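The next block holds one structure in the form of C-alpha coordinates; read it before the comments.
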Amino acid sequence: VIAAIEDSEDDLVSRPPVITIMGHVDHGKTSLLDAIRDAKVVSGEAGGITQHIGAYQVTTDEGVTLSFLDTPGHAAFTSMRSRGAQVTDIVVLVVAADDSVMPQTVEAINHAKAAGVPMIVAINKIDRPAADPNKVRAELLQHEVIVEQMSGEVQDVEVSAITGQGLDELLEAIALQAEILELNANPKRSAQGAVIEAQLDVGRGPVATVLVQNGTLRQGDIFVVGEQFGKVRALINDKGDRVKEAGPSVPVEVLGLNGTPEAGDVLNVVETEAQAREIAEYREQVSKDKRAAAGAA
Ligand code: GDP
(Lines give C-alpha, C1' and ligand atoms only; values in the text may rest on other atoms or scores of the structure.)
Protein backbone atom coordinates (compact mmCIF):
# COMPACT_ATOMS: atom_id res chain seq x y z
CA VAL A 1 0.00 0.00 0.00
CA ILE A 2 2.85 2.31 0.81
CA ALA A 3 5.38 2.71 -1.97
CA ALA A 4 9.01 2.22 -1.15
CA ILE A 5 11.00 5.36 -1.74
CA GLU A 6 14.50 5.06 -3.12
CA ASP A 7 17.00 7.12 -1.16
CA SER A 8 19.61 8.98 -3.14
CA GLU A 9 23.23 8.24 -2.20
CA ASP A 10 23.79 11.88 -1.25
CA ASP A 11 21.10 11.78 1.43
CA LEU A 12 22.46 8.71 3.21
CA VAL A 13 24.24 9.16 6.51
CA SER A 14 25.57 6.50 8.86
CA ARG A 15 23.18 5.42 11.62
CA PRO A 16 23.75 3.67 14.96
CA PRO A 17 23.49 -0.13 15.02
CA VAL A 18 20.52 -1.76 16.76
CA ILE A 19 21.56 -4.57 19.07
CA THR A 20 19.56 -7.43 20.59
CA ILE A 21 20.94 -9.51 23.44
CA MET A 22 20.06 -13.20 23.23
CA GLY A 23 21.07 -16.33 25.10
CA HIS A 24 19.93 -19.03 27.51
CA VAL A 25 17.83 -18.15 30.56
CA ASP A 26 19.94 -17.06 33.56
CA HIS A 27 23.08 -16.57 31.47
CA GLY A 28 22.84 -12.84 32.22
CA LYS A 29 20.98 -11.02 29.42
CA THR A 30 19.08 -8.70 31.73
CA SER A 31 22.12 -8.09 33.94
CA LEU A 32 24.20 -7.20 30.91
CA LEU A 33 21.59 -4.79 29.54
CA ASP A 34 21.41 -3.11 32.96
CA ALA A 35 25.19 -2.99 33.36
CA ILE A 36 25.72 -1.37 29.94
CA ARG A 37 23.01 1.19 30.59
CA ASP A 38 24.28 2.00 34.08
CA ALA A 39 27.89 2.28 32.92
CA LYS A 40 27.16 4.58 30.01
CA VAL A 41 24.34 6.85 31.06
CA VAL A 42 26.04 9.87 32.56
CA SER A 43 24.47 10.67 35.89
CA GLY A 44 24.56 14.39 35.10
CA GLU A 45 22.47 13.81 31.99
CA ALA A 46 18.90 15.11 32.11
CA GLY A 47 16.98 12.77 34.34
CA GLY A 48 20.10 10.70 34.97
CA ILE A 49 18.04 7.54 34.93
CA THR A 50 16.85 5.93 31.74
CA GLN A 51 13.15 5.29 31.47
CA HIS A 52 12.21 1.80 30.47
CA ILE A 53 10.74 2.33 27.03
CA GLY A 54 11.90 -0.98 25.51
CA ALA A 55 15.10 0.37 23.99
CA TYR A 56 17.91 2.69 24.96
CA GLN A 57 20.93 4.41 23.46
CA VAL A 58 24.44 4.65 24.89
CA THR A 59 27.57 6.35 23.64
CA THR A 60 30.92 4.59 23.92
CA ASP A 61 34.05 6.32 25.21
CA GLU A 62 35.06 6.72 21.54
CA GLY A 63 31.83 8.59 20.85
CA VAL A 64 30.00 5.85 18.97
CA THR A 65 26.27 5.68 19.61
CA LEU A 66 24.65 2.25 19.99
CA SER A 67 20.94 1.42 20.28
CA PHE A 68 20.02 -1.55 22.45
CA LEU A 69 16.67 -3.30 22.47
CA ASP A 70 15.88 -3.49 26.18
CA THR A 71 13.82 -6.64 25.89
CA PRO A 72 16.06 -9.67 26.18
CA GLY A 73 15.08 -12.99 24.79
CA HIS A 74 13.93 -14.57 21.64
CA ALA A 75 10.21 -13.91 21.71
CA ALA A 76 10.71 -10.24 20.86
CA PHE A 77 13.14 -11.04 18.05
CA THR A 78 10.92 -13.64 16.42
CA SER A 79 7.61 -11.81 16.88
CA MET A 80 9.19 -8.74 15.25
CA ARG A 81 10.47 -10.73 12.32
CA SER A 82 7.18 -12.56 11.86
CA ARG A 83 5.42 -9.18 11.58
CA GLY A 84 7.88 -8.01 8.99
CA ALA A 85 10.00 -5.76 11.14
CA GLN A 86 13.66 -6.64 10.99
CA VAL A 87 15.13 -4.17 13.44
CA THR A 88 18.21 -5.97 14.76
CA ASP A 89 21.57 -5.31 13.11
CA ILE A 90 23.76 -7.21 15.57
CA VAL A 91 23.01 -10.03 18.02
CA VAL A 92 25.04 -10.29 21.21
CA LEU A 93 24.97 -13.94 22.19
CA VAL A 94 25.43 -14.31 25.95
CA VAL A 95 26.85 -17.58 27.26
CA ALA A 96 27.66 -18.05 30.93
CA ALA A 97 31.32 -18.98 31.38
CA ASP A 98 30.46 -21.38 34.22
CA ASP A 99 27.76 -23.15 32.21
CA SER A 100 27.45 -24.70 28.75
CA VAL A 101 25.92 -24.00 25.39
CA MET A 102 22.28 -24.68 26.24
CA PRO A 103 19.09 -25.20 24.18
CA GLN A 104 18.23 -21.48 24.06
CA THR A 105 21.82 -20.69 23.12
CA VAL A 106 21.43 -22.92 20.08
CA GLU A 107 18.03 -21.38 19.36
CA ALA A 108 19.59 -17.90 19.43
CA ILE A 109 22.36 -19.00 17.05
CA ASN A 110 19.74 -20.37 14.68
CA HIS A 111 17.65 -17.18 14.85
CA ALA A 112 20.64 -14.98 14.11
CA LYS A 113 21.77 -17.18 11.24
CA ALA A 114 18.27 -17.38 9.73
CA ALA A 115 17.97 -13.60 9.88
CA GLY A 116 21.45 -13.12 8.46
CA VAL A 117 22.39 -10.99 11.46
CA PRO A 118 26.03 -11.07 12.63
CA MET A 119 26.77 -12.25 16.15
CA ILE A 120 29.17 -11.21 18.85
CA VAL A 121 29.72 -13.68 21.69
CA ALA A 122 29.77 -12.32 25.24
CA ILE A 123 31.18 -14.94 27.59
CA ASN A 124 29.55 -13.68 30.78
CA LYS A 125 30.08 -14.40 34.50
CA ILE A 126 33.83 -14.45 33.94
CA ASP A 127 34.17 -13.42 37.61
CA ARG A 128 32.85 -16.79 38.76
CA PRO A 129 35.46 -19.24 40.13
CA ALA A 130 34.10 -22.02 37.90
CA ALA A 131 34.37 -19.87 34.75
CA ASP A 132 35.84 -21.84 31.85
CA PRO A 133 35.66 -19.66 28.73
CA ASN A 134 37.62 -22.10 26.58
CA LYS A 135 35.06 -24.82 27.21
CA VAL A 136 32.38 -22.39 26.00
CA ARG A 137 34.42 -21.58 22.87
CA ALA A 138 34.88 -25.29 22.10
CA GLU A 139 31.17 -25.93 22.51
CA LEU A 140 30.29 -23.03 20.24
CA LEU A 141 32.59 -24.50 17.61
CA GLN A 142 30.40 -27.61 17.58
CA HIS A 143 27.51 -25.34 16.59
CA GLU A 144 29.54 -23.75 13.82
CA VAL A 145 30.13 -20.53 15.70
CA ILE A 146 33.87 -20.08 15.32
CA VAL A 147 35.11 -17.29 17.54
CA GLU A 148 38.27 -15.27 16.99
CA GLN A 149 40.09 -17.10 19.79
CA MET A 150 39.50 -20.27 17.75
CA SER A 151 40.78 -18.54 14.59
CA GLY A 152 37.25 -17.77 13.42
CA GLU A 153 35.58 -14.48 12.52
CA VAL A 154 33.03 -14.13 15.30
CA GLN A 155 34.23 -11.64 17.89
CA ASP A 156 34.19 -12.98 21.46
CA VAL A 157 34.60 -10.96 24.63
CA GLU A 158 34.90 -12.13 28.24
CA VAL A 159 32.61 -10.03 30.43
CA SER A 160 31.07 -9.77 33.84
CA ALA A 161 27.78 -7.96 34.21
CA ILE A 162 28.46 -7.85 37.96
CA THR A 163 32.02 -6.45 38.10
CA GLY A 164 31.81 -4.58 34.79
CA GLN A 165 34.89 -6.36 33.44
CA GLY A 166 35.02 -6.41 29.65
CA LEU A 167 32.02 -4.14 29.10
CA ASP A 168 34.04 -1.51 27.24
CA GLU A 169 35.63 -4.22 25.08
CA LEU A 170 32.17 -5.56 24.29
CA LEU A 171 30.97 -2.11 23.23
CA GLU A 172 34.11 -1.67 21.11
CA ALA A 173 33.48 -5.03 19.45
CA ILE A 174 29.93 -3.92 18.65
CA ALA A 175 31.15 -0.59 17.26
CA LEU A 176 33.66 -2.42 15.05
CA GLN A 177 31.01 -4.81 13.75
CA ALA A 178 28.75 -1.84 13.03
CA GLU A 179 31.51 -0.15 11.06
CA ILE A 180 31.89 -3.27 8.91
CA LEU A 181 28.13 -3.31 8.25
CA GLU A 182 28.16 0.32 6.98
CA LEU A 183 24.67 1.03 8.25
CA ASN A 184 23.04 3.98 6.50
CA ALA A 185 19.75 5.80 6.53
CA ASN A 186 18.25 8.93 5.05
CA PRO A 187 17.14 11.34 7.79
CA LYS A 188 15.55 13.63 5.18
CA ARG A 189 12.75 11.30 4.14
CA SER A 190 9.48 10.76 5.98
CA ALA A 191 9.83 8.31 8.84
CA GLN A 192 9.49 4.58 8.84
CA GLY A 193 9.89 2.64 12.08
CA ALA A 194 8.98 -0.45 14.04
CA VAL A 195 7.00 -0.80 17.25
CA ILE A 196 9.16 -2.25 20.04
CA GLU A 197 6.38 -2.28 22.60
CA ALA A 198 3.01 -0.64 23.10
CA GLN A 199 0.44 -0.30 25.83
CA LEU A 200 -2.66 1.58 26.82
CA ASP A 201 -1.60 4.09 29.45
CA VAL A 202 -4.26 5.32 31.88
CA GLY A 203 -3.19 8.94 31.70
CA ARG A 204 -1.67 9.22 28.26
CA GLY A 205 -3.77 6.87 26.15
CA PRO A 206 -2.16 4.43 23.72
CA VAL A 207 1.63 4.73 23.84
CA ALA A 208 4.04 2.97 21.49
CA THR A 209 7.81 2.81 21.65
CA VAL A 210 8.95 3.12 18.08
CA LEU A 211 12.44 2.56 16.80
CA VAL A 212 12.86 4.87 13.83
CA GLN A 213 14.53 2.88 11.05
CA ASN A 214 14.69 5.45 8.31
CA GLY A 215 13.76 9.10 7.96
CA THR A 216 12.93 11.47 10.80
CA LEU A 217 9.77 11.27 12.90
CA ARG A 218 8.47 14.65 14.01
CA GLN A 219 5.82 16.08 16.24
CA GLY A 220 2.71 16.67 14.11
CA ASP A 221 3.49 13.85 11.64
CA ILE A 222 0.52 11.80 10.50
CA PHE A 223 1.14 8.09 10.45
CA VAL A 224 -0.27 4.63 10.06
CA VAL A 225 1.05 1.81 12.25
CA GLY A 226 -0.31 -1.69 11.71
CA GLU A 227 -4.07 -1.35 11.98
CA GLN A 228 -3.84 1.93 13.91
CA PHE A 229 -3.19 5.50 12.86
CA GLY A 230 -2.59 8.84 14.47
CA LYS A 231 -0.83 12.16 14.58
CA VAL A 232 2.29 12.57 16.74
CA ARG A 233 1.19 14.59 19.78
CA ALA A 234 4.46 14.14 21.65
CA LEU A 235 7.73 12.23 21.38
CA ILE A 236 9.59 11.14 24.53
CA ASN A 237 13.11 9.72 24.44
CA ASP A 238 14.76 7.03 26.60
CA LYS A 239 15.82 9.66 29.17
CA GLY A 240 12.19 10.68 29.66
CA ASP A 241 12.66 14.00 27.85
CA ARG A 242 10.26 15.41 25.30
CA VAL A 243 11.90 15.78 21.91
CA LYS A 244 10.71 17.45 18.71
CA GLU A 245 12.05 14.76 16.39
CA ALA A 246 13.74 11.36 16.25
CA GLY A 247 16.11 10.24 13.50
CA PRO A 248 17.31 6.81 12.34
CA SER A 249 17.95 4.16 15.05
CA VAL A 250 16.51 6.42 17.76
CA PRO A 251 13.89 4.87 20.05
CA VAL A 252 11.03 7.15 21.13
CA GLU A 253 7.69 6.86 22.81
CA VAL A 254 4.98 8.08 20.47
CA LEU A 255 1.79 9.65 21.81
CA GLY A 256 -1.22 10.45 19.68
CA LEU A 257 -2.40 7.03 18.51
CA ASN A 258 -6.05 6.15 17.97
CA GLY A 259 -5.48 2.63 19.32
CA THR A 260 -2.75 0.34 20.64
CA PRO A 261 -0.57 -1.29 17.96
CA GLU A 262 1.40 -4.50 18.44
CA ALA A 263 5.12 -5.09 18.82
CA GLY A 264 6.58 -5.56 15.38
CA ASP A 265 4.02 -3.36 13.61
CA VAL A 266 5.60 -1.06 11.07
CA LEU A 267 4.98 2.70 11.29
CA ASN A 268 4.88 4.84 8.17
CA VAL A 269 4.36 8.58 7.96
CA VAL A 270 1.77 9.53 5.35
CA GLU A 271 0.50 12.80 3.87
CA THR A 272 -3.05 13.12 5.15
CA GLU A 273 -5.20 11.88 7.99
CA ALA A 274 -7.74 10.55 5.47
CA GLN A 275 -5.00 8.45 3.91
CA ALA A 276 -3.85 7.16 7.30
CA ARG A 277 -7.40 6.23 8.29
CA GLU A 278 -8.04 4.53 4.95
CA ILE A 279 -4.91 2.36 5.13
CA ALA A 280 -5.55 1.42 8.79
CA GLU A 281 -9.17 0.52 8.08
CA TYR A 282 -8.19 -1.49 5.03
CA ARG A 283 -5.69 -3.48 7.08
CA GLU A 284 -8.24 -4.02 9.83
CA GLN A 285 -10.71 -5.36 7.29
CA VAL A 286 -8.09 -7.69 5.79
CA SER A 287 -7.27 -9.22 9.18
CA LYS A 288 -11.01 -9.51 10.01
CA ASP A 289 -11.54 -11.39 6.74
CA LYS A 290 -8.59 -13.63 7.53
CA ARG A 291 -9.98 -14.44 10.96
CA ALA A 292 -13.40 -15.16 9.48
CA ALA A 293 -11.85 -17.43 6.86
CA ALA A 294 -9.84 -19.24 9.52
CA GLY A 295 -13.00 -19.60 11.62
CA ALA A 296 -14.97 -21.00 8.68
CA ALA A 297 -12.28 -23.52 7.78
P1 GDP B 1 18.80 -13.68 32.03
O2 GDP B 1 17.74 -14.68 32.37
O3 GDP B 1 19.65 -14.18 30.89
O4 GDP B 1 18.26 -12.31 31.78
O5 GDP B 1 19.80 -13.64 33.28
P6 GDP B 1 19.87 -12.57 34.48
O7 GDP B 1 20.46 -11.30 34.00
O8 GDP B 1 18.54 -12.51 35.15
O9 GDP B 1 20.97 -13.26 35.43
C10 GDP B 1 20.72 -14.50 36.04
C11 GDP B 1 21.50 -14.57 37.35
O12 GDP B 1 22.90 -14.54 37.09
C13 GDP B 1 21.24 -13.41 38.31
O14 GDP B 1 21.20 -13.92 39.62
C15 GDP B 1 22.42 -12.49 38.10
O16 GDP B 1 22.73 -11.74 39.25
C17 GDP B 1 23.52 -13.47 37.79
N18 GDP B 1 24.57 -12.91 36.94
C19 GDP B 1 24.38 -12.29 35.73
N20 GDP B 1 25.55 -11.89 35.22
C21 GDP B 1 26.51 -12.24 36.10
C22 GDP B 1 27.94 -12.10 36.12
O23 GDP B 1 28.58 -11.54 35.23
N24 GDP B 1 28.59 -12.59 37.23
C25 GDP B 1 27.94 -13.22 38.24
N26 GDP B 1 28.65 -13.69 39.25
N27 GDP B 1 26.59 -13.38 38.24
C28 GDP B 1 25.89 -12.89 37.20
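Scoring Glu182 on the criteria (1) more than 25 Å from Ile53 (Cα to Cα); (2) charged (D, E, K, R); (3) buried (at least 17 other Cβ atoms within 10 Å of the Cβ); (4) in contact (Cβ under 8 Å) with a residue 60 or more places away in the chain leaves a single failure, condition (3).
Residue by residue through the stretch 39-65, note down the ones that are in contact with a Ser or Thr (Cβ under 7 Å, 6 or more places away or on another chain) and modelled with pLDDT of 75 or more. If the condition is that a residue be in contact with a Ser or Thr (Cβ under 7 Å, 6 or more places away or on another chain) and modelled with pLDDT of 75 or more, then Lys40, Ile53, Gly54, Ala55, Tyr56, Gln57, Thr59, Thr65 are the ones that fit. Of the residues making up the stretch 5-21, those that are closer than 22 Å to Thr59 by Cβ and open to solvent by 40 Å² or more (accessible area, probe 1.4 Å) number 4. The combined condition, being surrounded by 20 or more Cβ atoms within 10 Å (Cβ to Cβ), touching a helix residue (DSSP H, G or I) at 6+ places or on another chain (Cβ under 9 Å) and not polar (S, T, N, Q), is not fulfilled by Gly164.
Inspect the stretch 203-224 for any residue being aromatic (Phe, Trp, Tyr) and either closer than 28 Å to Val91 by Cβ or open to solvent by 70 Å² or more (accessible area, probe 1.4 Å) (or both) and give the result as yes or no. Checked the stretch 203-224: no residue is aromatic (Phe, Trp, Tyr) and either closer than 28 Å to Val91 by Cβ or open to solvent by 70 Å² or more (accessible area, probe 1.4 Å) (or both).
Condition check ((1) within 25 Å of the chain's Cα centre (by Cα); (2) closer than 26 Å to Asp38 by Cβ; (3) within 16 Å of the ligand (Cβ to nearest atom); (4) surrounded by 15 or more Cβ atoms within 10 Å (Cβ to Cβ)) across all residues:
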position: Ile146; (1), (2), (3), (4): yes, no, no, yes
position: Ser151; (1), (2), (3), (4): no, no, no, no
position: Leu170; (1), (2), (3), (4): yes, yes, yes, yes
position: Asn186; (1), (2), (3), (4): yes, no, no, yes
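Taking every residue in the stretch 93-109 that is within 11 Å of the ligand (Cβ to nearest atom) and pairing it with any residue that is small (Gly, Ala, Ser) and open to solvent by 50 Å² or more (accessible area, probe 1.4 Å), at least 6 positions away or on another chain, the pairs with Cβ-Cβ distances below 6 Å are Asp98/Ala130. Does Gln86 satisfy being open to solvent by 60 Å² or more (accessible area, probe 1.4 Å) and at pLDDT below 95? Taking the combined requirement at face value, the residue satisfies it. If you filter the stretch 22-31 down to residues that are outside any loop (DSSP other than H, G, I, E, B) and buried (at least 24 other Cβ atoms within 10 Å of the Cβ), you find that the one that is farthest from the ligand (Cβ to nearest atom) is Met22.
Residue count for the stretch 200-248 satisfying the condition of being within 24 Å of Val286 (Cβ to Cβ) and assigned to a strand (DSSP E or B): 13. Remark: Val243 matches the filter, which requires a residue to be more than 25 Å from Thr78 (Cβ to Cβ) and open to solvent by 20 Å² or more (accessible area, probe 1.4 Å).
Checking Ser190, Ser249 one by one, the residue that is of a type in the set (Ser, Thr, Tyr) and under 18 Å from the mean Cα position of the chain (by Cα) is Ser249 and no other.
The values are calculated or read from the model by the stated rules, or taken from the named source; none is laboratory data. These numbers were taken from a predicted model, which means no experiment stands behind them. All Cβ positions, glycine included, derive from the backbone under ideal geometry; neighbour counts span all protein chains shown. For the accessible areas, the whole protein counts, side chains as well, though only heavy atoms, and no ligand, DNA or RNA atoms are used. Shrake-Rupley method; radii C 1.70, N 1.55, O 1.52, S 1.80 Å.
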